[in-house]
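To start, the structure itself, in structure tokens.
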Amino acid sequence: MKLLSLLFVPKCVSCGKRLSPENDAPLCKECSERWEKEKSARCNTCGQPIASCWCGVKADVKHNIIAERHLANYNPSAESVSKRIIFAMKKKAYRPLFDKIGAELANEIKRFIEDPEKTVLVNVPRIKRSVREYGFDQALVLSESISAVLGVPVVEALEHIGSTKQKKLDLKGRTANAKKSFSVSEKHKAEIKGKRVILVDDLVTSGATSARCAQLLKRAGAERVYLACVAKA
Ligand SMILES: [Zn+2]
Ligand SMILES: [Zn+2]
């Protein structure tokens, strides 16, 4: 353990500043303060504090998502700690970061859990070639961190069966692409039947992906679907 901490110099995941070796926090003091400030901002659309934003997911036209929670606003064109966090979560399965964000998200979504026996977490699965490239699925690692706090299990009920990333598509293209990119895993189907599912993702932009995943989970017998994400555009 000592040797490891000598070899590994922790850095702030947001600004890259070196942190003291005994510090296992993912953010330096300044970035940590900026992150707290970003979380206390108001929603760009409804004007409510983010923790009580009532916008939901616009692409979810069939209302398969009963309620939604996110920690911060996401603006791709502005520099922010939330943007750096999202970026860092895609690159590396750095446990201190996932555990910090997971605990913060767990605190926001614990209100969704009336019956822990009936509730499961389901990650929005990452595109397969990125899992191969980076070696992990960020929403799955995040789900595991949330699970450790809330004590509800993670079920890998969804599969990513597509090959096109959403990022470069417009809304119409994203809706069409989401429709053919996900399916419910036959292996885990029974584990979501009659359950209250909290769908977990790192970033929600158009909402086309989460809307499609929620629809599939409902069709497979989930009683309700909630959504939890780190940041929402
Ligand atoms: Zn920093
Ligand atoms: Zn809002």
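Miscellaneous remarks
- When the Gaussian network model of the chain links Cα atoms closer than 10 Å, the mean-square fluctuations of 80, 163, 14 top out at 163.
- Inter-probe distance in nm under a simple model that places probes 7 Å from Cα toward Cβ, at residue 30 and residue 67: 3.8
- Residue range of the chain that is longest and free of GluC sites (Glu not before Pro) which are both DSSP loop and sparsely packed (at most 11 other C-beta within 10 Å): 115-185
- Summed residue charge, Cβ within 10 Å of residue 218's Cβ, Lys/Arg positive, Asp/Glu negative: +2
- Oblate is the label for region 94-233, because a/c, from the alpha-carbon gyration tensor with a ≥ b ≥ c as root eigenvalues, is 1.5 or above and a/b does not exceed b/c.
- Of all DSSP beta bridges in the chain, antiparallel share, percent nearest 5: 20
- For region 1-138, the alpha-carbon radius of gyration amounts to 1.20 times the rule-of-thumb value 2.2 N^0.38 Å expected for a compact globular protein.
- The chymotrypsin sites (Phe, Trp or Tyr not before Pro) of region 33-82 that DSSP puts in a loop, and whose beta carbon has at most 11 other beta carbons within 10 Å, are 54.
- Counted charge near residue 64, where neighbours are those whose Cβ lies closer than 10 Å (Asp, Glu -1; Lys, Arg +1): +4
- Acute angle (nearest 10 degrees) that the helix 171-181 long axis makes with the longest principal axis of the chain, alpha-carbon atoms: 80
- Label-to-label distance, nm, for residues given as residue 161 and residue 11 (7 Å Cα→Cβ offset): 4.0
- To the nearest ten degrees, helix 208-219 and the longest principal axis of the Cα atoms of the chain are 50 degrees apart.
- Aspartates and glutamates with Cα under 18 Å of residue 187, excluding same-chain neighbours fewer than 8 positions away: 156, 159
- Over the residues of the chain, the helix contribution to mean residue ellipticity at 222 nm works out to -11000 deg cm²/dmol, using -39500 (n - 2.57) for each DSSP H run of at least 4.
- Between 169, 142, 217, the Gaussian network model of the chain with springs among Cα atoms under 10 angstrom shows the greatest mean-square fluctuation at 169.
- Around residue 45: net Lys/Arg minus Asp/Glu count, Cβ-Cβ under 11 Å: +3
- Within region 180-212: backbone nitrogen closer than 12 Å to the residue 55 label point (7 Å, Cα to C-beta): 204-207
- Rounded tilt (10° steps) of 29-39 against the dominant C-alpha axis of the chain: 20
- For the chain, modelled as a GNM whose springs connect Cα atoms under 10 angstrom apart, the maximal fluctuation among 166, 215, 48 occurs at 48.
FYI, it's all coordinate maths here, none of it is from the lab. Treat the numbers as computed from the prediction; the structure is a model and nothing was measured. So basically every Cβ, Gly included, is an ideal-geometry build from the backbone, and we count neighbours across all protein chains shown.
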